[in-house]
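Visitor: Below you'll find the structure I mean.
The values are calculated or read from the model by the stated rules, or taken from the named source; none is laboratory data. Please read all numbers here as calculations on a predicted model, not as lab measurements. Every residue, glycine as well, gets a Cβ built from its backbone with ideal geometry; the counts of neighbours run over all protein chains shown. Just so you know, the surface numbers come from the protein's heavy atoms only, side chains and all, with ligands and any DNA or RNA stripped out. Shrake-Rupley method; radii C 1.70, N 1.55, O 1.52, S 1.80 Å.
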Amino acid sequence: MNPSEFLRIERESHDGSRHYVIHTRDPRFSLELTPDAGAPDQVGRGVIKRIHVPNSWAGDYTKYSKFINAAQEFFAASFIEPVSKTEMKRFAL
């Protein structure tokens, strides 16, 4: 799974922040996650609060479970310290 297929959005509200991970390619879906307070880094892979999937996928959990796992891995990785622009350009294709 390519991490560039995901996007994390953080929205601030009166009751705290909300985190969304969106899969930008087919199949398009989104997860609302909250950081896992019980994890050693206080973020972990996130606790899923809500999943939005296309109607054609409803009930077919084996079909999108790999995408949900990848989205949670992306969520955890998105909190890691960003690399410098020069280093990122070095690895660009």
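Residues are listed down the side, and each one gets a yes or a no for (1) more than 14 Å from Ala77 (Cα to Cα); (2) in a loop (DSSP other than H, G, I, E, B):
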| position | (1), (2) |
| --- | --- |
| Leu31 | yes, no |
| Gly38 | yes, yes |
| Gln42 | no, yes |
| Arg50 | yes, no |
| Ser56 | yes, no |
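Visitor: Please go through the range 41-93 and give me each residue that is modelled with pLDDT under 85 and at positive phi, ordered by number.
Guide: Within the range 41-93, Gln42, Gly59 qualify.
Visitor: If you take the residues in the range 1-29 that are open to solvent by 30 Å² or more (accessible area, probe 1.4 Å) and in contact with an Asp or Glu (Cβ under 9 Å, 6 or more places away or on another chain), which one is farthest from Ser78 (Cα to Cα)?
Guide: Arg25
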